[in-house]
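Written below as structure tokens is the structure these notes are about.
Every read-out reported here was derived from the displayed coordinates using simple, explicitly stated rules and does not represent laboratory data. On a predicted model such as this, the values are computed, not experimentally measured, just so you know. Here the Cβ is made from the backbone with ideal geometry for all residues, glycine too, and neighbour counts use every protein chain on show.
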Amino acid sequence: MNDRGLIFDIKRDSTEDGPGIRTVVFFKGCPLSCIWCQNPEGKRFMPEADVNGNRIGTWYTVDELVYRMLQDKPFFTTTGGGVTLSGGEPTLQMDFAGQLLQALKREGIHTALETSGFFAFDAFKEKMLPWLDLIYFDLKLIDAAESERYSGRSSKKIFDNFSTLIKTAKIPVIPRIPLIPGITATERNLKGIAAFLAKHSVKTCALMPYNPLWLGKLENLGISAPRYTHSRFMTTEELKACADYFTHGSHSAQAQADSV
């Protein structure tokens, strides 16, 4: 069904998903199953209903989405914004995502991608990369076994893809590390990622503070017993400790932590 894409949300007027004012298209379906997923309604590649019977997931054609994006083009033009593909995981619907990106570029719209990094690189390089202006690339767990334990997949392909991408891409590729207390936000993990980035001459990244609001989304989906239950925001001291772990992991890597 490459002529249509399954989308679970379209967020307008975003200032957090790239430069300028942006419209974010959330693709449904993800190859990972992170136990802390911030958008659990985007995990399954199928329409579903919440506890109130509301439908989550709508099939769109490229033309239908571009029509909606063009309504926001004046804001993109005046602020240097554009459209960001997020999820879920957009690369899970690579053919459709690539067609959408091409259509957006024909309209002169800046494009960005937020990705988990778990994809077939050769297909991505052919079908999506040529029509992207910016990539936010999540690096969660450097240890492959821990990644499989907490996200359902080894992180080897993710880190391999990142290494290859920064060598070949001619656009900015910004690594982002979600800070999940007790899982990714540990001294060992953050120092390990910092050393990996320094080895590849990456001098900056973004640390993403934990947000517990996803737990309410689980309740809305009828999931009452999550595997991970950390229910509070991180303190300033906890965020600073994460930034310190990261910067001390390598003198060549500079961490930029939101709210720190």
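At 0.36 nm per residue, and after removing the present C-alpha to C-alpha distance, how many nm does the segment from K199 to F233 gain when stretched out fully? Mind dumping the intermediate values first?
Values: separation 34, 0.36 × 34 = 12.24 nm, distance 3.15 nm.
In short, 9.1 nm is gained.
Here the chain is treated with +1 on each Lys and Arg Cβ and -1 on each Asp and Glu Cβ, and its dipole about the Cα centre works out to around 420 debye. Each DSSP beta bridge with both residues in the chain is either parallel or antiparallel, and the antiparallel ones are about 30%. Ranked for footprinting exposure by Cβ neighbours inside 10 Å, fewest first, D50, D72, D13 give D13, D50, D72.
Oblate is the label for the range 119-260. Its Cα gyration tensor axes, ordered a ≥ b ≥ c, give a/c of at least 1.5 and b/c at or above a/b. Could you please report the charge total around S155, scoring K, R as +1 and D, E as -1 over all other residues with beta-carbon less than 11 angstrom from its beta-carbon? Net of charged neighbours comes to 0. Residue exposure proxy: V202, V51, ordered by other Cβ atoms within 10 angstrom of their Cβ from fewest to most, comes out as V51, V202.
Phi angles of the range 152-166 translate, via the Karplus equation with coefficients 6.51, -1.76, 1.60 and θ = phi - 60°, into HN-Hα couplings of x, 9, 5, 8, 4, 4, 4, 6, 5, 4, 4, 4, 5, 5, 6 Hz per residue; Gly and Pro are given as x.
May I ask you to compute the full-extension gain from T77 to R106, defined as 0.36 nm times their residue separation minus their alpha-carbon distance, rounded to one decimal in nm?
Values: separation 29, 0.36 × 29 = 10.44 nm, distance 1.45 nm.
Separation in residues times 0.36 nm, less the Cα-Cα distance, equals 9.0 nm.
Counting each DSSP H run of 4 or more residues in the chain as -39500 (n - 2.57), what helix-only mean residue ellipticity at 222 nm follows after dividing by all residues, to the nearest 500 deg cm²/dmol? Here the helix-only value at 222 nm equals -10500 deg cm²/dmol.
Note on D143/I10: beta-carbon distance plugged into 1/(1 + (r/R0)^6) with R0 of 30 Å gives a FRET efficiency of 0.25.
Would you give the gap between the C-alpha center of the range 15-78 and the C-alpha center of the range 96-123, rounded to a whole Å? After rounding, the separation between the Cα centres reads 14 Å.
Net charge of the neighbourhood of R22, taken over other residues with C-beta under 12 Å away and scored Lys/Arg +1, Asp/Glu -1, is -3.
Excluding L85 itself, what net charge comes from residues whose Cβ is under 11 Å from its Cβ, given Lys and Arg +1 and Asp and Glu -1? Write out the running numbers ahead of the final one.
Details: positive: R22; negative: D17, E89, E114.
Neighbour charge sum, excluding L85 itself: -2.
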